[in-house]
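**Student:** I have a structure here, written as structure tokens, and I will follow up with some questions on it.
The values are calculated or read from the model by the stated rules, or taken from the named source; none is laboratory data. Values in this document were obtained by computation on a predicted structure and should not be read as measured data. When we count neighbours, we look across all protein chains shown, and the Cβ atoms used for this are built from the backbone with ideal geometry, even at glycine.
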Amino acid sequence: MRQRKVKNVENRLAEYADYMIENPSLMKGKWKDSFGNDNKIFLELGCGKGQFVVAKAKTNKELNYIGAEGQQTVVLRALEKAAKEQTLNTRFMTGFIKDITEIFEEDELSGIFLNFSDPWPKDRHSKRRLTHKNFLEGFKKVSKAGSILEIKTDNEKLFEFTLGQIEMMGFEIVELTRNLHISGCDSKNITTEYEDKFKAFGKKIQFVKVALK
Ligand SMILES: C[S@@+](CC[C@H](N)C(=O)[O-])C[C@H]1O[C@@H](n2cnc3c(N)ncnc32)[C@H](O)[C@@H]1O
């Protein structure tokens, strides 16, 4: 996701102190304290400009949501949305996550969303794909029993790769469709920025939901 430069981005991020977590690794094992309740916590890894995670939070006020986004200028847009919608059950962090276990304790999350993750098409970059089994192992560790992982993508090659990694991990597939928006899956109801764009072009969205534990 390319972004124009934003002046003083760090100062701008600091304006959203209620929503922004500056040092996510210090929150390991303590994320519930940042929400001030014991409600379940869900993560969107690569949340972009936050449309999905903010809409989820508005719909499910009894659940907590974290949006993680590598690019500061992009997470700024997500913070603006959260502040506008007053979704007090959202938190955001910035930085490219390499090892999820540095940020979350075992059993800390109840579900993870990967929406339109970067496909990293070259084989030599396959370990960078967020659905590589190294990431999936981390997701399993930080998730409690009954947690789900939901993945949406327009990219067929990434989807096939992902299904292979899911099989290797032995995760149970709960839902799978190669055309989400003509399926009966509820997961079509809350969309992301990329999803809206691809839908408008008539591109099929592939979707899989698995049980992590
Ligand atoms: C293609 S965009 C999709 C954004 C959004 N999920 C959507 O569907 O509209 C992928 C985003 O994931 C972010 N990203 C990729 N790898 C990441 C990582 N390891 N940690 C945090 N963010 C990451 C990128 O910066 C980019 O903004």
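**Student:** Can you list residue pairs whose Cβ atoms sit under 7 Å apart, with the first residue in the stretch 192-205 being touching a residue at least 60 places away in the same chain (Cβ under 8 Å) and the second being among the aromatic types (Phe, Trp, Tyr)? Count only pairs 6 or more apart in sequence or on different chains.
**Tutor:** Here the result reads Thr192/Phe52; Thr192/Phe116; Tyr194/Phe116; Glu195/Phe116, each pair linking the stretch 192-205 to a residue that is among the aromatic types (Phe, Trp, Tyr).
Let's see how each residue does on (1) over 20 Å from Ala68 (Cα atoms); (2) of a type in the set (S, T, N, Q); (3) at pLDDT 95 or above:
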| position | (1), (2), (3) |
| --- | --- |
| Glu150 | no, no, yes |
| Ile166 | yes, no, yes |
| Phe171 | yes, no, yes |
| Leu176 | yes, no, yes |
| Gly184 | yes, no, yes |
| Asn189 | yes, yes, yes |
| Glu195 | no, no, yes |
| Phe207 | yes, no, yes |
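**Student:** Right, here's the next one. Those residues that are in contact with a helix residue (DSSP H, G or I) (Cβ under 9 Å, 6 or more places away or on another chain) and not β-branched (Val, Ile, Thr), I need them from the stretch 173-193; list them, please.
**Tutor:** Glu175, Leu176, Arg178, Leu180, His181, Ser187, Lys188, Asn189, Glu193
**Student:** Which of the residues spanning the stretch 32-70 are within 16 Å of the ligand (Cβ to nearest atom) and of a type in the set (A, V, I, L, M, F, W, C)?
**Tutor:** Restricting attention to the stretch 32-70, the residues satisfying the condition of being within 16 Å of the ligand (Cβ to nearest atom) are 42-57, 65-70.
Phe42, Leu43, Leu45, Cys47, Phe52, Val53, Val54, Ala55, Ala57, Ile66, Ala68 - these are the residues of the stretch 32-70 that are within 16 Å of the ligand (Cβ to nearest atom) and of a type in the set (A, V, I, L, M, F, W, C).
**Student:** Kindly list the number of the only condition in (1) surrounded by fewer than 18 Cβ atoms within 10 Å (Cβ to Cβ); (2) away from the ligand (no atom under 13 Å from the Cβ); (3) at pLDDT 95 or above that fails for Arg91.
**Tutor:** (1)
**Student:** If you don't mind, another one. Got a sec? Which strands (runs of 3 or more DSSP E) wholly within the stretch 1-109 have at least 3 residues that are farther than 18 Å from Leu149 by Cα and of a type outside the set (Gly, Ala, Ser)?
**Tutor:** On the way: elements: 41-45, 64-69, 90-94.
Because the criterion is at least 3 residues that are farther than 18 Å from Leu149 by Cα and of a type outside the set (Gly, Ala, Ser), the strands (runs of 3 or more DSSP E) in the stretch 1-109 that meet it are 90-94.
**Student:** Turning to a different aspect of this structure: Taking the stretch 110-146 as the search range and keeping residues that are surrounded by fewer than 21 Cβ atoms within 10 Å (Cβ to Cβ) and in a strand (DSSP E or B), which one is nearest to the ligand (Cβ to nearest atom)?
**Tutor:** Among residues in the stretch 110-146 that are surrounded by fewer than 21 Cβ atoms within 10 Å (Cβ to Cβ) and in a strand (DSSP E or B), the one nearest to the ligand (Cβ to nearest atom) is Ser110.
**Student:** Out of the residues in the stretch 22-72 that are exposed (fewer than 15 other Cβ atoms within 10 Å of the Cβ) and on the phi > 0 side of the Ramachandran plot, which is nearest to the chain's Cα centre (by Cα)?
**Tutor:** For the stretch 22-72, the residue satisfying everything is Gly29.
**Student:** Of everything in the stretch 155-191, what is of a type in the set (A, V, I, L, M), away from the ligand (no atom under 13 Å from the Cβ), more than 21 Å from Arg129 (Cα to Cα) and touching a residue at least 12 places away in the same chain (Cβ under 8 Å)? Give them in sequence order. Full working, then the answer.
**Tutor:** As a first pass, look at the stretch 155-191 and keep what is of a type in the set (A, V, I, L, M): 158, 163, 166, 168-169, 173-174, 176, 180, 182, 190.
Now restrict to residues that are away from the ligand (no atom under 13 Å from the Cβ): 163, 166, 168-169, 173-174, 176, 182.
Filter again for more than 21 Å from Arg129 (Cα to Cα), leaving 174, 182.
Passing the criteria: only Val174.
**Student:** Separate question: Specify the residue that is farthest from Glu15 (Cα to Cα); the eligible residues are those in the stretch 73-88 that are surrounded by fewer than 18 Cβ atoms within 10 Å (Cβ to Cβ) and either under 14 Å from the mean Cα position of the chain (by Cα) or of a type in the set (A, V, I, L, M, F, W, C) (or both).
**Tutor:** Leu88
**Student:** Within the stretch 186-205, does at least one residue satisfy the condition of being of a type in the set (Val, Ile, Thr) and assigned to a strand (DSSP E or B)? Full working, then the answer.
**Tutor:** Filtering the stretch 186-205 for residues of a type in the set (Val, Ile, Thr) gives 190-192, 205.
Then keep just the ones that are assigned to a strand (DSSP E or B); that gives none.
No.
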